[in-house]
Amino acid sequence: MLTYASVFLGFLLDLILGDPKWMPHPVKLLGWAVHTLERRLRKWFPDSPKGRRAAGLLMAVLLPVLTLVLAVDLLWLCYEVTPWLYMVVQALLCWQCLAMKDLKGESSRVQRALEEGDLEKARSLVSRIVGRDTENLTAGGVTRAAVETVAENFSDGVIAPLLCMLVGGAPLALTYKAINTMDSMVGYKNEKYLDFGRAPAKLDDFANYLPARLSAFLWMAAAFLTGNDGKGAFRIWRRDRKKHASPNAGQTEAACAGSLGVRLAGPISYFGEPVEKEYIGDKTRKVRPSDIAKANKMMLAGSIICLVIGLAIRFAICYYNDWIMI
């Protein structure tokens, strides 16, 4: 049951400490690996649509497989030394795969800037956690951006890696982070990455398909528990979850919009280019800075619900099958 303990400890460490600036983070290493692989693979394959797609496909295979193999080997070596080292190292890796504390902290700083009336500061702060252009956003646009990133990252920054931990420990969670990091770096529909980033983007969509839908239901449960509109979350999720360009991001954004009774998404711009997006949710009222705190509260509640249910299921499987799972 060492993995059981490691997941629990990793969750607590992230909930309490977040990601300290001084600590080396696996995502930085994965980012370096993506950059290095991209540079080399582009040299190895022809600079044509077919060649770029082949290079991207090879990276989409190599990085997750190498990540999984290296993580398994590291933990195996730790276990050979002592099971206690195995548990500690895996707990540290699990900690680094989650983003609850930092997501709450970054979005809360945006909320404070908005409440202080410092729109320029709020724009600057929200630009650190979203990919859209922020220099011309209104206060409402900044607030929507912060709420949307809490909802979206609830799925791919918390629930998806947490589910991977519960199934396959830190190695599977790190493999997921490798896939997610690839998509965040090369999964763009622009001239540079339209071909090269196709396979990584499709792989990320596949990896997040089930977690995104489970995350939506966890958000609904969290809405009920935190005094928000759980019924509204379900209603808007059913109606608007497919309005997002991503097959997964709309799941939690729709549940979030419904739970708050606000309208999210809509037209935005990336790198100076306007992008038309459908609105998600009903414009029952204007979005407020306090909605960021409400979204964070539901994000944390949903994360705890997932941990409790997941560990209970894992324990039950081990207990009733007389398994001793490391």
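Just so you know, all these numbers are worked out from the coordinates, no wet-lab data involved. The model shown is predicted, which means the values in this text are computed figures rather than measured ones. A quick note on method: Cβ atoms are made from the backbone with ideal geometry, for glycine too, and the neighbour counts reach across all protein chains shown.
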Selection count where residues are surrounded by 17 or more Cβ atoms within 10 Å (Cβ to Cβ) and part of a helix (DSSP H, G or I), scope the stretch 109-138: 9
In the stretch 51-85, residue farthest from ASN180 (Cα to Cα) [restricted to those that are assigned to a helix (DSSP H, G or I) and β-branched (Val, Ile, Thr)]: VAL81
Evaluation of THR3 against (1) surrounded by fewer than 18 Cβ atoms within 10 Å (Cβ to Cβ); (2) closer than 21 Å to PHE315 by Cα; (3) hydroxyl-bearing (Ser, Thr, Tyr) (one fails), failing number: (1)
Cross-chain or 6+ apart pairs with Cβ under 6 Å, the stretch 279-306 first and without any contact (Cβ under 8 Å) to a residue 40 or more places away in the chain and among the polar types (S, T, N, Q), then part of a helix (DSSP H, G or I) and crowded, with 17+ Cβ neighbours inside 10 Å: none
Single condition GLN251 does not satisfy, out of (1) closer than 18 Å to ASN208 by Cβ; (2) outside any helix (DSSP H, G or I); (3) in contact (Cβ under 8 Å) with a residue 24 or more places away in the chain: (2)
The stretch 24-50, subset outside any helix (DSSP H, G or I) and without any contact (Cβ under 8 Å) to a residue 40 or more places away in the chain, residue surrounded by the fewest Cβ atoms within 10 Å (Cβ to Cβ): PRO24
Output for the stretch 159-195, where each listed residue is touching a residue at least 24 places away in the same chain (Cβ under 8 Å) and of a type in the set (Gly, Ala, Ser): ALA160, GLY169, ALA170, ALA173, ALA178
Options ALA222, ALA212: the member that is in contact (Cβ under 8 Å) with a residue 60 or more places away in the chain, buried (at least 24 other Cβ atoms within 10 Å of the Cβ) and either part of a helix (DSSP H, G or I) or over 17 Å from the mean Cα position of the chain (by Cα) (or both): ALA222
Of all residues in the stretch 252-301 being of a type in the set (Ser, Thr, Tyr) and closer than 18 Å to ASP240 by Cα, the one that is nearest to the chain's Cα centre (by Cα): THR252
Meets criteria (surrounded by fewer than 24 Cβ atoms within 10 Å (Cβ to Cβ), in a helix (DSSP H, G or I), in contact (Cβ under 8 Å) with a residue 24 or more places away in the chain and of a type in the set (D, E, K, R)) for LYS101: yes
Members of the stretch 111-140 found to be touching a residue at least 24 places away in the same chain (Cβ under 8 Å) and either within 14 Å of VAL287 (Cα to Cα) or among the hydroxyl-bearing types (Ser, Thr, Tyr) (or both), listed by number: GLN111, LEU114, GLU115, ALA139, GLY140
